[in-house]
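Undergrad: Can you read through this structure? Questions will come right after.
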């Protein structure tokens with residue numbers, strides 16, 4: 001189906017020219033209007049089958065074809081309706097030039113739309129201004145000596161060749177730099193169409209157009225490009241989707257340089273335009289400079305916001321990685337880092353520190369009797385009261401594992417550690433959490449205390465081991481006690 005429809009249209013053209021040669025001229029103008037319309041319809045159909053952002057790209061390409069068709073209709077109107085026989089018509093030339101605007105926008109803008117619509121609007125404004133500036137410059141070159149003459153036509157033809165080459169190179173770069181399959185597919189089709197279209201335009205402008213005796217039907221060679229594009233749009237898949245190694249460096253370079261190239265092209269054309277149309281040239285220069293500055297500012301703001309968001313997410317992930325999921329207090333990983341930092345810091349100033357190892361008494365019996373949900377609730381309640389009892393901001397409470405917690409107490413000797421340990425033990429007992437498997441009838445904790453003055457010759461692991469031995473002593477002595485190493 002993707003091949004039959006364009007081929008049928010081309011065969012119908014050939015049949016019309018052969019069977020009705022007297023109608024060849026008028027039919028040629030009609031076919032020049034219909035061919036891009038059919039290609040635009042094929043692109044619109046393709047857009048319905050694609051997901052964003054490929055859907056929008058095909059729609060924008062359809063807009064370019066509709067604009068080109070409007071230019072062809074202008075020629076038809078002047079030649080067949082008004083009976084004029086000039087080589088160039090200003091409104092038609094404007095439409096043909098503006099048909100390049102959507103394609104230029106596709107080449108210069110990002111495939112994935114950025115968060116700021118201002119960036120897209122700036123790219124669209126630059127592309128539109130470039131199309132208008134180019135059209136004004138080309139028309140001024142065409143009519144530099146009054147009415148269009150051969151010299152002016154040759155200048156305009158060369159400018160059109162440069163425009164087509166600019167779009168083709170841009171589409172090829174986007175094709176090679178594309179990271180997404182849909183993006184690679186689209187720009188492969190676009191580059192193929194632009195290559196054929198550019199070659200046929202060269203054939204028509206430099207060959208057939210220079211021989212008026214050949215008639216307008218020879219210009220129908222351009223419809224081959226529209227038929228090709230219709231076939232590419234209708235077939236739904238392309239060789240461009242074949243696997244290939246990613247080119248992240250090229251992709252980043254294209255994202256950074258495309259808007260610069262677009263603004264630069266507008267600035268260059270505007271500087272040439274100033275020589276023949278000062279007011280329009282100055283306006284286009286301002287659009288190039290102000291538009292790029294605004295776009296760059298908004299893009300930088302967007303990147304800064306994304307950087308801040310990533311930084312916040314990284315901080316949140318780090319907090320999650322260092323927080324115990326059940327109790328909400330720091331986990332053992334966080335404790336190990338905090339203990340090492342405190343050991344090194346206190347070793348420099350010779351200040352003592354204490355470690356309290358805290359264990360919930362008969363916790364396994366509580367789980368067996370009331371179930372694991374009740375056990376988790378008990379862990380959370382104990383963690384909250386322990387953390388609330390440590391009033392100094394530098395003191396740290398962490399879940400060590402299972403039903404064990406560790407408290408790191410700064411600037412505390414053994415006696416001070418015992419005072420804090422007794423406060424923690426009493427706070428947990430004061431919760432009065434029912435525990436039928438405990439001889440105390442409520443949830444209690446045993447606490448082992450160890451204190452030392454850190455030094456560079458020893459490590460914090462010895463202090464934790466001493467606190468663990470003291471905890472074992474408290475448990476062996478009957479539990480719900482505080483014992484010091």
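Undergrad: Taking Cα atoms, how many degrees apart are the long axis of helix 223-235 and the longest axis of the chain, rounded to 10 and kept between 0 and 90?
TA: Between helix and principal axis, roughly 30 degrees.
Undergrad: May I pose another question? I'd like the distance separating the alpha-carbon centroids of segment 386-407 and segment 46-122, in whole Å.
TA: The two parts, judged by their Cα centres, are 68 Å apart.
Undergrad: I'd like the orientation of helix 372-389 relative to the chain: the angle between its Cα long axis and the longest Cα principal axis, in ° from 0 to 90, rounded to 10.
TA: With both axes taken from Cα atoms, the answer is about 80 degrees.
Undergrad: Taking 20 °C and 1.002 mPa s as the conditions, I'd like the Stokes-Einstein D for segment 332-484 in µm²/s, using the Kirkwood hydrodynamic radius from alpha carbon pairs.
TA: 138 µm²/s
Undergrad: I would also like to ask the following. On C-alpha positions alone, give me the angle between the axis of helix 461-476 and the longest principal axis of the chain, in degrees, nearest 10.
TA: The two axes meet at around 50 degrees.
Undergrad: With Rg and the Kirkwood Rh both taken from Cα atoms, where does Rg over Rh land for segment 1-53?
TA: That ratio is 1.13, to two decimals.
Undergrad: While we're on this one: Report for the chain the percent antiparallel among DSSP-assigned beta bridges with both residues inside it, nearest 5.
TA: If we restrict to bridges inside the chain, about 90 percent are antiparallel.
Undergrad: Express the Stokes-Einstein translational diffusion coefficient of the chain in µm² s⁻¹, to the nearest whole number, given a Kirkwood radius over alpha-carbon pairs, 25 °C and a viscosity of 0.890 mPa s.
TA: 85 µm²/s
Undergrad: Right, another one. Under the rule of -39500 (n - 2.57) per DSSP H run of 4 or more residues, summed and divided by the residues of the chain, what mean residue ellipticity at 222 nm is obtained, to the nearest 500 deg cm²/dmol?
TA: Calculated from helices alone, the mean residue ellipticity at 222 nm is -23000 deg cm²/dmol.
Coordinate-derived values only; no laboratory data. Being a predicted model, the structure only gives us computed values, none of them experimental.
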